[in-house]
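The values are calculated or read from the model by the stated rules, or taken from the named source; none is laboratory data. Nothing here was measured: the structure is a model prediction, and the numbers come from that model. Neighbour counts are summed over all protein chains in view; Cβ atoms, including those assigned to glycine, are modelled from backbone coordinates with ideal geometry.
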């Protein structure tokens, strides 16, 4: 995992940091730029020191201290590129669930950091059209063929 530098005081920062330990600036991760940036308050949003005059806000999961990623202020979706992939979250009124969820989110954000660095697609469940879910969709030709098993996994192979 890459180390970052605070744009305000040049202090060393880690991917998970929410605040600079030296100057106290609030920090947020800009996934499109791959940059952890210091922030300045601006009206109801934030302004990044790395890219001024581009208002941003935190992902909705920052409310639970589970995410430090930024989204453009004009983006209608309240969740960042990583948090949009959550299908289910636990009951956060239970402290043990909240702590476990934060740990899971940290791991997931590290995964998405890597996926973005590798320039892999991040289509979430709302962006993918599933042929079986749409009415009248033709069944793929491969679905009509018998399943091809690798030799080591064939069901008729004795163990």
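Quick rundown of the values:
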read-out: Selection within the range 4-23 - under 20 Å from residue 67 (Cβ atoms) and outside any strand (DSSP E or B); value: 6, 14, 15, 16, 17, 18, 20, 21
read-out: Pair list, Cβ under 6 Å, 6 or more apart: the range 78-94 residue closer than 17 Å to residue 29 by Cβ, other residue assigned to a loop (DSSP other than H, G, I, E, B); value: 79/59; 80/59; 81/31; 81/122; 83/59; 83/67; 84/124; 85/124
read-out: Residue 28 vs. criteria closer than 25 Å to residue 121 by Cβ, loosely packed, with under 15 Cβ neighbours inside 10 Å and either in contact (Cβ under 8 Å) with a residue 12 or more places away in the chain or touching a strand residue (DSSP E or B) at 6+ places or on another chain (Cβ under 6 Å) (or both); value: no
read-out: Condition met for residue 124 (under 30 Å from residue 29 (Cα atoms), modelled with pLDDT of 90 or more and part of a loop (DSSP other than H, G, I, E, B)); value: no
